[in-house]
Amino acid sequence: MSPWTMTNPPSVAKNWSEDRKRKCVSAANAVLRESGSDREAIFACIHNARVKQTEEEYETLSEAAAQTLQGLVEAYYDGEIDEDEFEEKFQDELRSHYTLIMLASLGKSREVTPEDIVWINERLNQQFDYLKSFVEDISTGRMTQQRALWRAGLYGYPRAAWVNFSVPPNVADLMGVLPGDDCLGGGQCKCVLNIEQDDEGGMYVYWILDPIADHCAVCVAHALESPYYFTPEEVADSV
Ligand SMILES: [Zn+2]
């Protein structure tokens, strides 16, 4: 497909403002002209059309990824791909999805750093471990297709990655746990973190529940314990 146009932009940009869409389309097409892949073009689109991150964008990107991942489950159960192909394609999709989520969450706040890539890769390796047992569960027939679809969909919502790149880089280290990490609803609680720094260099982290979503007990407990306070020394020692 492509090159993209204002009336036919990359799907992620469909509901964006005209100005933002224009930035996206020109960056994406520039990548295609240099023989970049569609994926690389979409990364360029998101990067060039950065705005302050919105919850809506998280939803749009995650829903699209969840559908792609569920499509892989269907392809596997239909016998179109074997378990190795399933695992490989699933990994590829997660890799690009996490990159998209990082870029969208960073928005205009700052550029990507090598540390960000390390963080993303650590998260991905963890997901790939879970994926191994997922593949085992479906290939041994221990799981119904319906349950596999549900489980694949959860991978599409990397809440912790979204939150991590919306706050200063040391918050993940200080907190040890981010929204989505231990959520019983697989991150569907949609919690966010708000950060306040005091004059001495200490930090307050507020765990905020989404006003509309249903909340699991774990997320509610985190919110009740908040704000979390970190001393200036702890903040200085964090990475
Ligand atoms: Zn939760």
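Bear in mind that the values in this text are calculations on the coordinates, not laboratory data. All values reported here derive from a predicted model rather than from experimental measurement. Here Cβ is always computed from backbone atoms with ideal geometry, including for glycine, and neighbour counts include all displayed protein chains.
Tell me, for the chain, which Cys residues have no other cysteine's C-beta sitting closer than 4.7 Å.
CYS183, CYS191, CYS216
How large is ³J(HN,Hα) for each residue in the stretch 61-73, as worked out from phi by the Karplus curve 6.51 cos²θ - 1.76 cosθ + 1.60 (θ = phi - 60°), to whole Hz, x for Gly and Pro?
Calculated HN-Hα couplings, in order: 5, 6, 5, 4, 5, 4, 5, 4, 5, 5, x, 5, 4 Hz.
Can you tell me which of 205-211, 91-97 comes out highest on packing, and rank the rest after it, using the mean Cβ neighbours within 10 Å?
Final packing ranking: 91-97, 205-211.
Would you mind checking the stretch 158-188 for residues with the amide N under 12 Å from a putative spin-label position 7 Å along Cα→C-beta of ASP237?
174
Based on the Cβ-Cβ distance from TYR204 to ASP182, what FRET efficiency comes out when R0 is 22 Å, to the nearest 0.05? It would help to have the intermediate numbers written out before the result.
Values: r = 21 Å, r/R0 = 0.95.
E between TYR204 and ASP182, to the nearest 0.05, is 0.60.
Could you check the simple spin-label distance between ASN8 and ASN170, using points 7 Å along Cα→Cβ, in nm with one decimal?
Inter-label distance under the simple model: 5.0 nm.
For ASP214 and LEU154, compute 0.36 nm times the residue count separating them, minus their Cα-Cα distance, and round to one decimal in nm.
Details: separation 60, 0.36 × 60 = 21.60 nm, distance 1.57 nm.
Full extension of this stretch gives 20.0 nm more.
Using a Förster distance of 25 Å, how high is the FRET efficiency between ALA30 and THR113, based on the Cβ-Cβ distance and rounded to 0.05?
On the way: r = 24 Å, r/R0 = 0.95.
Given R0 = 25 Å and the Cβ-Cβ separation, E is 0.60.
Two-decimal Rg/Rh of the stretch 53-166 from alpha-carbon positions, Kirkwood Rh? Display every interim value, and only then the final one.
Details: Rg = 14.7 Å, Rh = 14.6 Å.
On the Cα set of the stretch 53-166, Rg over Rh gives 1.01.
Return the lysines within reach of LYS132: Cα separation strictly under 23 angstrom, same-chain partners fewer than 8 residues apart disregarded; answer none if there are no such residues.
Partners within reach: LYS89.
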